[in-house]
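Enquirer: Dropping the structure in here first, questions after.
Just so you know, all these numbers are worked out from the coordinates, no wet-lab data involved. Small disclaimer: the values here were computed from a predicted structure and weren't measured. All Cβ positions, glycine included, derive from the backbone under ideal geometry; neighbour counts span all protein chains shown.
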Amino acid sequence: MVDLSVNIAGLRLKNPVITASGTYGYGGEFADFLDLNRLGALTIKGVTARPRQGNPPPRLAETPAGLLNAVGLQNQGVDYLIKEYLPRLAKLTVPVIVNVDGDDPEEYAAVIKKLCGQKAVAAIELNISCPNVRKGGMVYGVDPRLAAELTALVKPLCDKPLIVKLTPNVTDIAVIARAVEAAGADAVSLINTLLGMAVDVETQRPRLSTITGGLSGAAVKPVALRMVWQAARAVKIPVIGMGGISCWQDAVEFLLAGASAVAVGTANFQNPLVTLEIIDGLTGYLKRRGLSRVTELVGGLLV
Amino acid sequence: MKKLASASVISVKPLSPACILLTVETGDTAGIAAGQFASISIPGVYLRRPFSVHDADGAVLSFLVKLAGKGTRALAGLRPADKISIIYPLGRGFQLSAKPAVLVGGGAGMAPLLLLAKQLQNRGIRPTVVLGGRTGSDIVRLAEFARYAEIKITTEDGSLGVQGLVTGELKALSADTAVYACGPEPMLKALHGLAQIKKFSLQLSLEALMGCGLGACLCCVTDTRTDGRVCVCTEGPVFRAEDLPW
């Protein structure tokens with residue numbers, strides 16, 4: 001038997017495979033296909049203090065190996081989440097991570113305060129990396145000082161592990177990762193989507209209502225892997241790696257680069273069973289390599 | 001319950017230079033409502049593609065596919081016994097009314113109307129199907145539609161049926177009619193306008209680019225009158241016309 005369990009800042013996961021926020025709804029959307037309790041953790045759609053309509057359509061453009069989205073944090077607000085979704089999620093044994101967003105520090109703080117007392121919430125993912133909103137989101141994630149201030153502000157509000165989700169749209173990811181670590185982050189997760197754009201040559205208009213959007217999927221994997229490696233070398237807190245992971249080999253790459261766990265996003269759209277296939281693939285890989293624990297892979301890159 | 005299945009291709013029949021009929025064997029197709037769709041994984045394109053169920057019979061599903069790009073051409077290249085991954089049934093289909101039924105399909109929008117005509121006939125309603133195209137070769141599957149429905153045809157160039165648009169055939173409709181439509185957005189908007197004048201009930205099947213097809217990614221939203229932006233993949237693709245802010 002191989003041991004796939006990992007510990008992310010006190011959050012014990014039975015395997016290192018997590019769903020990426022915004023790609024998995026609230027879990028129920030995929031429940032017809034797999035037992036959600038087999039996942040390492042489930043990160044649900046980003047939540048804000050009040051309901052948001054998000055951006056107008058069109059919000060999606062396909063690329064040769066990925067997709068651009070411009071959803072813009074559409075959600076029904078934290079009160080609705082607590083009333084409608086958390087009771088259902090509480091019945092699962094899989095740890096639930098809630099991605100939290102806001103326009104300003106007050107909104108982030110208000111959401112986290114409300115989630116803090118919720119038993120169904122295993123950890124908070126502080127989203128300072130959404131590229132599709134004008135206020136908040138990536139505004140914090142591209143500035144080490146703002147990122148640190150926001151992290152320091154929300155950290156004391158809740159005793160649950162605080163994971164800070166970073167944007168790749170920065171010059172030096174290590175600087176941001178170190179800044180949020182120093183400000184009290186228990187872990188970092190990366191990458192959120194890469195800023196991108198697509199144009200319809202027939203209409204000569206942008207394919208997205210917001211002109212630019214966030215690129216995800218296999219196309220971003222090499223960039224994500226590089227940044228996970230850079231971040232993991234820069235900080236002592238655990239790194240959750242994501243960005244284009246579509247098979248177990250991708251997951252192994254991220255673990256070797258220093259990720260303690262991985263998240264799978266866009267690949268769920270192609271194959272709703274991809275998370276389970278990655279878990280099984282990791283088991284097979286460890287057995288074949290004569291390893292007994294997945295943690296032995298973490299940061300094991302030979303250079 | 002949504003199913004993820006590995007379907008086996010039975011046949012790919014060209015119906016016109018721009019349209020194929022893809023027939024696959026999959027598990028159970030019982031309980032599929034006309035207007036629901038399947039999300040098909042296509043080699044060579046990144047995202048699955050949504051296709052309305054054209055017909056469902058026992059373990060067999062068929063799809064009317066307009067050849068529009070790389071993905072649909074890849075589907076046209078499938079051979080019998082090839083396996084494709086499909087997720088079905090997805091979305092909300094047409095709500096069957098007891099009123100006299102008129103089904104309106106524009107081009108590839110005729111796809112969901114065959115199963116709809118069949119399901120209406122099973123309820124004792126023989127519908128009228130109005131099929132519209134740019135030209136005669138856009139109108140396909142006439143023999144199959146004729147089994148369940150009276151057929152009217154319009155083409156913009158007059159090469160088949162009446163020259164003109166589908167809306168021209170609907171001017172005499174009474175308020176006591178249920179109209180079910182699928183087709184290009186300008187056609188649906190014209191029908192919506194006509195429905196407001198003639199007061200017939202109207203359901204519209206919308207087309208949208210979809211990310212997940214499951215309501216998880218919120219990429220395929222449409223604006224509604226009272227519920228804000230909702231996913232076409234889960235709240236639609238069929239909407240009551242009065243719920244759309246057109």
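Enquirer: Work out, step by step, the length gained on full extension between B:ASP57 and B:ILE197: first 0.36 nm times the residue separation, then minus their alpha carbon distance; give nm to one decimal. List each step's numbers first, then the result.
Expert: Values: separation 140, 0.36 × 140 = 50.40 nm, distance 3.78 nm.
Fully extending the segment from B:ASP57 to B:ILE197 adds 46.6 nm.
Enquirer: With a cap of 13 neighbouring Cβ atoms within 10 Å, and only residues DSSP puts in a loop, list the trypsin sites (Lys or Arg not before Pro) found in region A:87-141. It would help to have the intermediate numbers written out before the result.
Expert: Details: sites: A:ARG88, A:LYS91, A:LYS113, A:LYS114, A:LYS119, A:ARG134, A:LYS135; in loops: A:LYS91, A:LYS119, A:ARG134, A:LYS135.
In loop regions of region A:87-141 (DSSP not H, G, I, E or B), the sparsely surrounded trypsin sites (Lys or Arg not before Pro) are A:LYS91, A:LYS119, A:ARG134, A:LYS135.
Enquirer: If you filter region B:152-238 for GluC sites (Glu not before Pro), then keep DSSP loop positions with at most 14 other Cβ within 10 Å, what is left?
Expert: Details: sites: B:GLU156, B:GLU169, B:GLU207, B:GLU235; in loops: B:GLU156, B:GLU207.
Those satisfying the criteria are B:GLU156.
Enquirer: Multiplying the sequence separation of A:ASP79 and A:CYS116 by 0.36 nm and subtracting their Cα-Cα distance, what value in nm do you get?
Expert: Values: separation 37, 0.36 × 37 = 13.32 nm, distance 1.27 nm.
Stretched out fully, the A:ASP79 to A:CYS116 stretch lengthens by 12.1 nm.
Enquirer: Restricting attention to the alpha-carbon atoms of the protein assembly as shown, what are Rg (one decimal) and Dmax (integer), both in Å?
Expert: Rg and Dmax of the protein assembly as shown, Cα atoms, are 25.0, 77 Å.
Enquirer: Going Cα to Cα from B:LYS152, which lysines come in below 23 Å? Please leave out same-chain ones fewer than 8 positions away.
Expert: B:LYS152 reaches B:LYS66, B:LYS99, B:LYS118, B:LYS171, B:LYS189, B:LYS198, B:LYS199.
Enquirer: While we're looking at this one, here's another question. Would you mind computing, in nm to one decimal, how far apart the modelled labels at B:LYS3 and A:ARG226 are, each placed 7 Å from Cα along Cα→Cβ?
Expert: Placing both labels 7 Å beyond Cα along the Cβ direction yields 4.6 nm.
Enquirer: Let me ask something else. What is the Cα centroid distance between region B:170-246 and region A:170-229, reported in whole angstrom?
Expert: If you average the Cα positions of each part, the centres end up 35 Å apart.
Enquirer: If amide H atoms are built 1.01 Å from N in the plane of the peptide, which residues on other chains or at least 5 residues away come under 5 Å of the amide H of B:SER201?
Expert: B:THR177, B:VAL179
Enquirer: Once R0 is set to 60 Å, what does the formula 1/(1 + (r/R0)^6) return for the Cβ-Cβ distance between B:ASP82 and A:GLN53, expressed as a FRET efficiency to the nearest 0.05?
Expert: On the way: r = 42 Å, r/R0 = 0.70.
Efficiency, rounded to the nearest 0.05: 0.90.
Enquirer: Still on this structure, please answer the following. At a Cα cut-off below 18 Å, give the aspartates and glutamates reachable from B:LYS83, other chains included and same-chain residues fewer than 8 away excluded.
Expert: Here the aspartates and glutamates satisfying the reach criterion relative to B:LYS83 are B:GLU25, B:ASP28.
Enquirer: I'd like to know which of B:LEU214, A:ASN37, A:ILE8 lies farthest towards the positive end of the charge dipole of the protein assembly as shown, counting +1 on Cβ of Lys and Arg and -1 on Cβ of Asp and Glu.
Expert: Of B:LEU214, A:ASN37, A:ILE8, it is A:ASN37.
Enquirer: By the 4.7 Å beta carbon criterion, which cysteine residues of chain A come out unpaired?
Expert: Among the cysteines of chain A, those whose Cβ sits 4.7 Å or more from every other are A:CYS130, A:CYS247.
Enquirer: If you take the charge dipole of region B:101-205 about its Cα centre, with +1 on Lys and Arg Cβ and -1 on Asp and Glu Cβ, which of B:VAL129, B:GLY107, B:SER201 is farthest toward its positive end?
Expert: It is B:SER201.
Enquirer: Using every Cα-Cα pair within region B:101-205, state what percent have a distance larger than 19 Å. Write out the running numbers ahead of the final one.
Expert: Values: 1989 of 5460 pairs.
Here the tail beyond 19 Å accounts for 36 percent of pairs.
Enquirer: Taking a ≥ b ≥ c as the square roots of the Cα gyration tensor eigenvalues, with a/c under 1.5 meaning rounded and otherwise prolate when a/b beats b/c, else oblate, which class fits chain A? Please list the in-between numbers first.
Expert: Working: a/c = 1.29, a/b = 1.16, b/c = 1.11.
Because its axes are fairly even, with a/c under 1.5, chain A counts as rounded.
Enquirer: Rg(Cα) of region B:3-90 divided by 2.2 N^0.38 Å?
Expert: Numbers: Rg = 11.7 Å, N = 88, 2.2 N^0.38 = 12.1 Å.
Relative to the rule-of-thumb radius for its length, region B:3-90 sits at 0.97.
Enquirer: Additional query: So what are the three principal axis dimensions of region A:192-303 from its Cα atoms, in whole Å, longest to shortest?
Expert: That works out to 56, 33, 21 Å along the principal axes.
Enquirer: I need B:PHE145, B:PHE239 ordered by Cβ neighbour count within 10 Å, fewest first. Walk me through the numbers on the way to the answer.
Expert: Details: B:PHE145 23, B:PHE239 20.
By the 10 Å Cβ count, ascending, the order reads B:PHE239, B:PHE145.
Enquirer: Starting from the Cα of A:GLN249, step 7 Å along the direction of its Cβ; do the same at A:ALA65; then give the gap between the two resulting points in nm.
Expert: 1.2 nm
Enquirer: Another question about this same structure. Which distance in nm do the two modelled labels at A:LEU153 and A:ASP280 give, with both placed 7 Å along the Cα-to-Cβ direction?
Expert: The modelled label-to-label distance comes out at 4.6 nm.
Enquirer: Taking neighbour Cβ counts within 10 Å as the exposure measure, how do B:THR167, A:THR167, A:THR151 sort from fewest upward? Display every interim value, and only then the final one.
Expert: Details: B:THR167 17, A:THR167 27, A:THR151 24.
Listed from fewest to most nearby Cβ atoms, that is B:THR167, A:THR151, A:THR167.
Enquirer: Next up: Order by neighbour count: A:MET242, A:MET197, A:MET1, B:MET110, fewest other Cβ atoms within 10 Å first, most last. Don't skip to the end; give the middle numbers.
Expert: Working: A:MET242 32, A:MET197 14, A:MET1 7, B:MET110 28.
Going from least to most buried by this count: A:MET1, A:MET197, B:MET110, A:MET242.
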